[in-house]
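Heads up, the thing below is written out as structure tokens.
The values are calculated or read from the model by the stated rules, or taken from the named source; none is laboratory data. As the structure is a computational prediction, the values presented were derived from the model and not from experiment. Glycine gets a Cβ as well: all are built from the backbone with ideal geometry, and neighbour counts include every protein chain shown.
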Amino acid sequence: MKKSFIYLVSFLSLLSSVHSFAQNDSAAKTIRVGLFAPIYLDSVFANGQYKYKDQMPKIVIPGLDFVEGAQIALDSIKTTTPLSVSVYDYKSADQNISQLILANTFDSLDIIIGSVGSAEFKQLADIAAKKNIPFISATYPNDGGITANPNTIILNATLNTHCSGIYNYIVKYLPGSKITLFKKQGVVEERIAAQFSKLNTGNTGNPLLNIPAILLKDSFDISIIESKLDSTRTNTIIAGTLDENFGKRIASFCAVLSKKYNINLIGMPNWDGIKDFSKPDYKNLSIFYSASFYTDETDKWSTSVKTVFKDRTNGTAMDMVYKGFESTYYFLSLLLKNKIGFMNNLNDKSFKVFTDYDIKPVRNTGKSATPDYFENKKVYIIKKLNGVITKML
């Protein structure tokens, strides 16, 4: 993705210190927002000088895009309530979460919005619980083992939720096909297979569909896949792994076999970033995967964000731009409308941007009165065929 060098340097310089601004003068109480993203300022600046001349290291792009999307959202919100917004690069030495805790930074925040990794997710979730601050985890697809934490909202659905979305799609649209789940040895793979088994048996203990789970060695060949196919029926193959290379091996064999068999190949949510599936090798193979986020880039919001981003950066808006925009616009608008009952109005459709959020409380034990966290349960099923991406009904 090409971005102008001038934009990059000025933007990184702006983020080199925490900054705040008020959107409007008002007698109303100021809403204080903390935006957290990995920008790696310490890695790209040395002694105040940018280290990469006219280049931009790839490591900074996701965080920059997320924050730029958030800034476009802030410019789009119309309110008389003053907003004070601080951007934190938690990958820099003086803005990592531990340093911010020591500086009592979180005492002055009303909402936290972040694109974070596993360590930062747990830290911010703990702070949200302790300080009673809503924490919007925009991109991390895990609950981090948190419990009794009703201030944490996970937008990127957990793996179990993705499995549920895939299973429900199969039940509704592919129940008559011959279904096989292929997996490798591994903790995550066993978890995926167990989740499909749990979904399939429900409370009765009797399976609704026949979904055998086949364990494959790392060196498996095409004959193993073909032995499970039926030439007289549609075959639905679930690649039950987050190992991208292992999943691509399954897909490459299915691409060859699709010339002889009718195959629907279903992968996990990390398949949205596999560019190989657009190559001619996969011609006429229907590949499906699940996603918590989707935009076809033709709706009014996508068009507007794309245009503004292009004007500001001379670049093309990618997923992280849209995610930064949506999480900021949606939840900040929600907070401005419901300063008291924010957590009771998380599915207010009047603020929909791209995603049809279905945010629900999660109680992992099923017994606690206090939710362990809130999670967006909306899962889209995406189909890729001959390079064309389609959101399924």
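Among the residues of region 113-143, the ones that are in a loop (DSSP other than H, G, I, E, B) and surrounded by fewer than 21 Cβ atoms within 10 Å (Cβ to Cβ) come to 5 in all. Quick one: is F121 at pLDDT 95 or above and over 13 Å from E375 (Cα atoms)? Taking the combined requirement at face value, the residue satisfies it. Just one of the listed residues (N314, N376) is among the polar types (S, T, N, Q) and surrounded by fewer than 19 Cβ atoms within 10 Å (Cβ to Cβ), and it is N314.
Touching a residue at least 60 places away in the same chain (Cβ under 8 Å), under 26 Å from I170 (Cα atoms), of a type outside the set (A, V, I, L, M) and not in a strand (DSSP E or B): is that true of T355 in this structure? Walk me through how you get there before you give the answer.
On the way: touching a residue at least 60 places away in the same chain (Cβ under 8 Å): yes; under 26 Å from I170 (Cα atoms): yes; of a type outside the set (A, V, I, L, M): yes; not in a strand (DSSP E or B): yes.
It is true that T355 is touching a residue at least 60 places away in the same chain (Cβ under 8 Å), under 26 Å from I170 (Cα atoms), of a type outside the set (A, V, I, L, M) and not in a strand (DSSP E or B).
With respect to (1) assigned to a helix (DSSP H, G or I); (2) in the same structural domain as F331 (by TED's automatic domain parsing), the lone exception for V188 is condition (2). When region 190-210 is filtered for residues that are in contact with a helix residue (DSSP H, G or I) (Cβ under 9 Å, 6 or more places away or on another chain), of a type outside the set (F, W, Y) and surrounded by 19 or more Cβ atoms within 10 Å (Cβ to Cβ), the ones remaining, listed by number, are I192, Q195, L199. Only one entry of N270, N284 meets the criterion of being polar (S, T, N, Q), touching a Leu at 6+ places or on another chain (Cβ under 8 Å) and surrounded by 13 or more Cβ atoms within 10 Å (Cβ to Cβ), and that entry is N270.
Could you please give the count of residues in region 156-166 that are surrounded by 22 or more Cβ atoms within 10 Å (Cβ to Cβ) and touching a helix residue (DSSP H, G or I) at 6+ places or on another chain (Cβ under 6 Å)? Spell out the reasoning first.
First, pick out the residues of region 156-166 that are surrounded by 22 or more Cβ atoms within 10 Å (Cβ to Cβ): 157, 161-163, 166.
In the following step, the residues that additionally are touching a helix residue (DSSP H, G or I) at 6+ places or on another chain (Cβ under 6 Å) were identified as 162-163.
Selection size over region 156-166: 2.
For region 250-301, the candidate set comprises residues that are assigned to a loop (DSSP other than H, G, I, E, B) and hydrophobic (A, V, I, L, M, F, W, C); within that set, the residue that is farthest from L181 (Cα to Cα) is F293.
Taking the criterion of being farther than 17 Å from I214 by Cα, of a type outside the set (S, T, N, Q) and in a strand (DSSP E or B), the residues of region 144-185 that qualify are I153, I154.
Residues checked against (1) at pLDDT below 95; (2) charged (D, E, K, R):
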position: V305; (1), (2): no, no
position: K323; (1), (2): no, yes
position: S350; (1), (2): yes, no
position: T370; (1), (2): yes, no
position: Y380; (1), (2): no, no
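Candidates D54, D42, D75: the one that is modelled with pLDDT under 80 and among the acidic types (D, E) is D54. Considering each residue of region 223-238 in turn, none proves to be under 22 Å from the mean Cα position of the chain (by Cα) and part of a loop (DSSP other than H, G, I, E, B).
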